[in-house]
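The values are calculated or read from the model by the stated rules, or taken from the named source; none is laboratory data. A quick note: this is a predicted structure, and the numbers were derived from the prediction, not measured. Because the Cβ atoms are built from the backbone with ideal geometry, glycine has one as well, and the counts that use them run over all protein chains shown.
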Amino acid sequence: MIQVVPLRYDTVFKKAFSQPEIFCQFAEDVLGIKFHTDEVHRGYKFLEPIGQVDIEYDLFAEDPESRIVVEIQHVKEGHFYDRFLYYHLINLVEQVKNSKAYQFDQTVYTIVVLTSPYSENEIDFSVAITDFNPVNEFNRKVNVYPHQLVFVVPRMVNDKTPSGIKAWLELVLDSLDGEIDESRYRSPIFERVIDAVKLDNISPAERRVLKDEESWEDTLIDVRQKEKEDIARALIREGISTEVITRTTGLTEAEIEKLRQS
């Protein structure tokens, strides 16, 4: 077993996946396309903002045919799905903001890697794809938009997960406890990912950033927990059943019972 920094932290995820060969292989396996780039940008912003919401992509790369965004998120925010749909659409709009033609020169793919354990009561898939193609009255898809917004959830990997994606999700999942069984990953690409996140290979500067990430994450988790408990208390006062409160808040029956008694 190798000691690693979990791939749920932005710092090490970006360190590993900003390597062009790793990024390209990950994109190809998840999306089923051919993709090549010589440069992957971390914390990428467009030169001219679109709209009033500040956008920064964790990882951004493009080739002449496609542009791909990869986002890593651990603590799921309440507006999670809206946020990444917005990110995806802005990536499209940016191509035509100064154009007089309704034409996108590049296909846009957005991959969101969700590592949070707090979303399992809401999410029951390892891979979900929005492809924007309309469905006609014969229940057949009209393939006119190649763009895709893809959510992948390592903690929910299962027998139905496509094999190419499954290997990556298992690698991310394996890292989340701070250890990786390197004997399971013999491909050169996976070996490079593991090498990038080895505890021994983390620089002092990276360690400082990781401490900040961990502190922010702990604070956000505490805030989320308090919000859930406040909602649960309000529902308890209204006489709502424990089962409904559990579905609504994600709290366990034991946590709700403790709130009833407080």
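Quick notes on this one:
- Residues satisfying the stated conditions in the range 177-202, i.e. farther than 17 Å from P154 by Cβ, basic (K, R) and assigned to a helix (DSSP H, G or I): R192
- For beta carbons closer than 8 Å, sequence separation of 6+ or different chains, a first residue in the range 243-262 that is at positive phi and a second that is at pLDDT below 85 and part of a helix (DSSP H, G or I), the qualifying pairs are G250/Y118; G250/K228.
- Here V53, V4 are screened, and the one residue that is touching a helix residue (DSSP H, G or I) at 6+ places or on another chain (Cβ under 7 Å) and either crowded, with 20+ Cβ neighbours inside 10 Å or of a type in the set (K, R) (or both) is V4.
- The criterion of being crowded, with 21+ Cβ neighbours inside 10 Å, among the hydrophobic types (A, V, I, L, M, F, W, C) and over 17 Å from R192 (Cα atoms) does not hold for V40.
- The range 127-169, residues that are over 22 Å from Y81 (Cβ atoms) and without any contact (Cβ under 8 Å) to a residue 40 or more places away in the chain: N136, E137, F138, N139, R140, V142, N143, V144, D159, S163
- Test: residue in the range 178-190 that is among the hydroxyl-bearing types (S, T, Y), closer than 17 Å to K14 by Cα and surrounded by fewer than 17 Cβ atoms within 10 Å (Cβ to Cβ): no
- Every residue from the range 98-114 that is touching a helix residue (DSSP H, G or I) at 6+ places or on another chain (Cβ under 9 Å) and not in a strand (DSSP E or B): Y102, Q103, F104, D105, Q106
- Whichever residue in the range 92-126 is in contact (Cβ under 8 Å) with a residue 40 or more places away in the chain and among the β-branched types (V, I, T) and, among such residues, is surrounded by the fewest Cβ atoms within 10 Å (Cβ to Cβ): V93
- Residues that are at pLDDT 95 or above, of a type in the set (V, I, T) and in contact with a Lys or Arg (Cβ under 7 Å, 6 or more places away or on another chain) within the range 109-154 comprise just one, V135.
- The test for being assigned to a helix (DSSP H, G or I), farther than 21 Å from I123 by Cα and not assigned by TED's automatic domain parsing to the domain that holds L92 holds for A254.
- Of all residues assigned to the range 35-43, none qualifies as being assigned by TED's automatic domain parsing to the domain that holds L176, outside any loop (DSSP other than H, G, I, E, B) and among the hydroxyl-bearing types (S, T, Y).
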